[in-house]
Every structure is written in structure tokens, then in C-alpha cells.
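Notes follow the structure.
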Amino acid sequence: MNSLETLLAQGQVAQAKAEAEKLLAKNPNHRDALVVMAKLALVENKVPQAEALLAKAEAQGATGETGLVRANIAAQKGQLDAALKAYQGVLALEPNRPEAHFGKGMMLIKQDKAPQALEALSQAAKLAPQNPVFRYRLGQVQLEAGKTDAGLATLREVLTLAPRFVPAYLSLSHALSSQEKLVEARKVLEQGLKAVPNQPRLLASVTVLSMALRDLRTSYQAASTLAAQRPKDADAQANLAQLMLARGQIEQARHLCQTMASLGVASESLKMAEATCFEALEPPAYDKAITAYEQGMGLAPDGWRAANNLGQLLLRVPAEPANANLPRAVTVLEEAVRRAPDRPEPLLNLALAQARLGQEAKAKELVQKVLAMPLAEDTDLHEEAVRLSQALSKA
């Protein structure tokens, strides 16, 4: 590795660029300097500039370095076959080049060739055992290929090798969560927060997992820290507002939503939290809750939750006559289903609305769609669908 490449490997990008520019000022055809400048152009997404610099370097003969840059250019342009060929060309020159094995593996996985990709990534990790990125990608592909135990072990190796490597904590936690090992998954995230205190992505994941474990205290602590770090992040603030509601802190949640609105920060989730606050007032401010849900629907044209919740609200709002809100509820819930046809919640709510309207045939069709979905039988949703189906069969 020449001195310029060493600077890049050490993360001294500015110095590497300055040294390359000095060399090119003396010799415009300095190959090592041209290669480094091409790499830097690629980092800045200046592909044509990178290609021009590389062409001048390649005119003096192909090397492993020029081959890697050629492969990276092809990959950045989405030319997977060309990139794979370039990586194979590098390996023909330098069979033990770990970057080439790694690049080859990444191209193969994008072509759905998992066995070959695993072999290439394993070789990269073997040749560069101290490189956490190589080992991390290997672990990811092992998990994707169904080699769960090997993938988990590899990701744990990454954390031993690089304790501050945040993506590995997230991937390991996600993999454990998918196996229903939620407590172990949260411990991984907590380990990450000890290594990288207050890391936003880790905090967000701890919040979600703690909620799944019904640990509101830990969820609230993590959400509060994240919201303080990101005072104008709609998702972080909405998450905190929802946890306040779960803790019964209605006024605090309403104040938070109003503060965000005054700052021009809005999202579907924030509007949903605001709507819940209005409905929790005594007496409930149904009109304001309905308006908040409508605003939430407008903020997320593809989102289904605000529409679904508005439909539910319209079904329970007292009205004279009793079914006055039903037609509107049906319209809103049909929109929720249109936005998310594979979600069981709006389908079931629409079935309930149709049943209350006396449209038993439509309700039966909808509830059968819900029961055909892969729902766990011990969930409230499945039980409610069964009850509705049984009631409709007797109608």
C-alpha cells in the first residue's frame, strides 16, 4: 500500500487529497495520485470525474487499485455484471486481495447468489480479520441465507472487534427479536448504549423493544433522551407523546403536541397523539379530535393509521340519531383499506361498520379476509374477528 492509500485507510482524507494534488501538480500522470483522486471523486458522487481520472491511470497499465476503482464505478452505476467482472479481474492479479473478495461477495448477494456470496465474504473476513465491516456484512448475509446461529455468532464477533460499531448492535438485536428473544435483544441494545451513550438509533430501538416488553419506564427514559437530542424531529417527539399517553400524562402530551405545532413540526403520529389528547378531555373534544385525525391523514397520503383511528372514533362518538356517523366512518375506513389493503385492522373495523349499517354480506366478506390472514389466535384482533364472524352467521 502506497503512502496515499495509507492516508486514506487511516481516514486522513484531506491530507491524502492535498498530497495527491501536489503530486499531480508535478506530474499530471502520477498513477497513484490519479487513483486516489478518482476514489475521492466517487465518494462525492462525481462519477464522470472519477471515470476520467481512472482512465488516465489505467492508460499506464491495470493494477489491483485501478481494478477496485473500476468495480466501484460500475457498482455505483448499477452495472452489477461489470462490477463483478472487475472484482474478478483484481483477484486474477491479486488472489488474496480482501477488498476484491468483499466486493465480489456484495455483487453476488445483489444477484441473489447467496452461496457464492457467502464464500466470497468469508474469504474477505478471513484475509482481513480486523475489518469489522467485512465481518458485519458476512453476518448479515449468513442471517439472510438462513444460517441463523452462524450469523448471530459473526455479529457478536464484530462487537468484540469493534465495540462502537452501531450497525452490528442493531442487526444483532433485530435478528434476536425475530426469534422472539426480546429480552436478549434489548440487552444487546443496552450494551451498545454503554459503548456509544445516547446514540439516537439505539435509543429508538430500545424504546420500541421496551414497549413490546411493556416496560414503559425504560421506554419513556429512552424516548425522553431521544426527544431532547432531536427537538424538531417529528418521529422522536410523537414517540414521546405516545408514551406520555400510555403513562396517563395527558396534559404533558397535549402540551408537547401544541409546542411542536407552534414550531411548524407536524406528522401523522403527532396528530394522532393530539387527537387522543382531545378525546381524553372531560368532556371529550370530539370535533377537535376528528380534525386532528383528518390533518394526520393529509400529512401522510400513504399512511393508514390516522384514517383507521378516525374511523374507529366515528364509530364510538355519540350521535343523534345513533347511526349518524356510520356513513362517514365507512368512507374513512374504506380509505384506510385502500391505503393498506394487507393490514387486518382497517379491514376488521370496516367490517364492524358495515355490520352496524346492516350490510351483513359486505361485513361477512371483509371479516373472512381478516380471518384468512396469518394472525395469531391469541390476539385481541383475531378474537374480535371470530366474534364478529359468529355474530354475522347468526344474523
Quick one: would you say Ala234 is more than 20 Å from the chain's Cα centre (by Cα) and at pLDDT 90 or above? no
Using beta carbons and a limit of 7 Å, which pairs, at least six apart or on different chains, have the first residue in region 189-217 and more than 14 Å from Gln242 (Cα to Cα) and the second one β-branched (Val, Ile, Thr) and assigned to a loop (DSSP other than H, G, I, E, B)? Leu202/Val196
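Evaluate the following for Gln354: is it in contact with a Lys or Arg (Cβ under 8 Å, 6 or more places away or on another chain) and closer than 23 Å to Pro321 by Cα?
yes
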Can you find a residue in region 235-243 that is in contact with a Lys or Arg (Cβ under 7 Å, 6 or more places away or on another chain) and within 23 Å of Gly303 (Cα to Cα)? yes
When you scan region 123-134, do you find a residue that is under 20 Å from the mean Cα position of the chain (by Cα) and under 22 Å from Gly192 (Cβ atoms), even just one? yes
Single condition His382 does not satisfy, out of (1) farther than 23 Å from Ile290 by Cβ; (2) part of a helix (DSSP H, G or I); (3) at pLDDT 90 or above: (3)
Selection status of Ala82, over 24 Å from Glu157 (Cα atoms), within 28 Å of the chain's Cα centre (by Cα) and outside any loop (DSSP other than H, G, I, E, B): no
Could you tell me whether Leu256 is touching a Ser or Thr at 6+ places or on another chain (Cβ under 6 Å), within 28 Å of Ser210 (Cα to Cα), not assigned by TED's automatic domain parsing to the domain that holds Arg343 and not hydroxyl-bearing (Ser, Thr, Tyr)? no
If you check Pro167 against the conditions, is it in a helix (DSSP H, G or I) and within 22 Å of Pro129 (Cβ to Cβ)? yes
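The values are calculated or read from the model by the stated rules, or taken from the named source; none is laboratory data. Just so we're clear, the structure is a prediction, and the values are computed from it rather than from any experiment. Because the Cβ atoms are built from the backbone with ideal geometry, glycine has one as well, and the counts that use them run over all protein chains shown.
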